[in-house]
Amino acid sequence: MNKCIIIGTGPAGLTAAIYLARANLEPIIIEGPEPGGQLTTTTEVENFPGFPDGIMGPDLMNNMRRQAERFGATFRTGWVNQVDLSKHPFSLIIEGGEELTTESIIISTGASAKYLGIPGEKENIGRGVSTCATCDGFFFGGKKIIVVGGGDSAMEEAHFLTKFATEVRLVHRRKELRASKIMQARARGNPKITWELDKMPLEVIADEHGVKGLKVLNNETGMEEFLETDGIFVTIGHTPNTNFLKSQIMMNEIGYIVTTPGSTQTNIPGVFACGDVQDSTYRQAITAAGSGCMAALDCEKFLDGHAVHDWSQSV
């Protein structure tokens, strides 16, 4: 039987793997067909400590993987098709039918950014299309930006991007915004933010150098319009990757795994969650890595027979 299985290979899962492997716990990491998490779709990462000249997202993930392998972590590739958390030891079946049993599980499957699903969008991720203002805003200094969305996140990211851009146009498909009144007021009070409401995004327009504009449908006139821009930030939410768990673990109403405050322990002893799958607030590579370290330490304590946290006192 395995001591620990980690599901997911973003910064959280790989950091947990490094710590557990160094503790001689021989973790097995289950990675999907596109390992590495959202950083594999990012070009240059400039805000991860230790890389003063920046590092490409895929290179950072590859370095973490090699570091985990160096200490004895092993990898399996394929989707987790089935998991049983109802009894200990836990079991899971991965793509191809292989069944594994384990004393503990760390879930680090992340959250996927929602996209518009329009032509030219995914082809230009990292070439002017982004889902993370904190990650990529710096690259748009002195340029014009479009933010697509109508919720609090869109207002917050539009406001943040005005630190870099000369102009931020907020595009939303309806006349009314979903954002709270206070966030709307804050955005409307920013002179750098202009508004393109009641306009449906149709296509991202780009050339060999990157994004050039966004084609939209003006719902009021029925006419198509071209909005010139250097970058498009899609801020319509994230979906935690928890469908495979099928309600076997405590989640919030959106699907993020609930953990004990100050811990990565879930409501099931021996099952831990780290990274974006349990963090709907920060969603940064460095915070994910930090929580991966926490999960590994919590898991090690559990395997040593020590209580990590009394969940019943926190709910």
> What residue, of Lys143, Lys175, is under 25 Å from Thr221 (Cβ atoms), in contact (Cβ under 8 Å) with a residue 12 or more places away in the chain and surrounded by fewer than 17 Cβ atoms within 10 Å (Cβ to Cβ)?
Replying inline: Lys175
>> Need the failing condition index for Gly262 against (1) of a type in the set (Gly, Ala, Ser); (2) assigned to a loop (DSSP other than H, G, I, E, B); (3) without any contact (Cβ under 8 Å) to a residue 40 or more places away in the chain; (4) surrounded by fewer than 20 Cβ atoms within 10 Å (Cβ to Cβ), just the number.
In response: (3)
>> If the requirement is being of a type outside the set (A, V, I, L, M), surrounded by 15 or more Cβ atoms within 10 Å (Cβ to Cβ), more than 30 Å from Glu208 (Cα to Cα) and without any contact (Cβ under 8 Å) to a residue 40 or more places away in the chain, which of these qualifies: Ser104, Ser91?
In response: Ser91
> Which of the residues spanning the stretch 194-226 are assigned to a strand (DSSP E or B) and polar (S, T, N, Q)?
Replying inline: Thr194, Asn218
> Within the stretch 277-291, can you find the residues that are more than 13 Å from Thr259 (Cβ to Cβ), assigned to a helix (DSSP H, G or I) and not hydroxyl-bearing (Ser, Thr, Tyr)?
Replying inline: Ala285, Ile286, Ala288, Ala289, Gly290
> When you scan the stretch 47-63, how many residues do you find that are touching a strand residue (DSSP E or B) at 6+ places or on another chain (Cβ under 7 Å) and in a helix (DSSP H, G or I)?
Replying inline: 2
> Of the residues in the stretch 217-255, how many are touching a residue at least 40 places away in the same chain (Cβ under 8 Å), more than 18 Å from Lys122 (Cβ to Cβ) and among the β-branched types (Val, Ile, Thr)?
Replying inline: 2
> Can you name the residue in the stretch 2-46 that is modelled with pLDDT under 90, of a type outside the set (D, E, K, R) and not in a helix (DSSP H, G or I) and is also surrounded by the fewest Cβ atoms within 10 Å (Cβ to Cβ) among such residues?
Replying inline: Pro33
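Quick check on Gln265: is it polar (S, T, N, Q) and modelled with pLDDT of 95 or more?
Values: polar (S, T, N, Q): yes; modelled with pLDDT of 95 or more: yes.
Yes; evaluated as a whole, the condition is true for this residue.
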> Any chance the stretch 64-80 includes a residue that's part of a loop (DSSP other than H, G, I, E, B), out of contact with any helix residue (DSSP H, G or I) (no Cβ under 8 Å at 6 or more places or on another chain) and surrounded by 15 or more Cβ atoms within 10 Å (Cβ to Cβ)?
Replying inline: yes
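The values are calculated or read from the model by the stated rules, or taken from the named source; none is laboratory data. Remember, it's a predicted structure, so these values are computed and weren't measured experimentally. Virtual Cβ from ideal backbone geometry, glycine too; neighbours counted across all protein chains shown.
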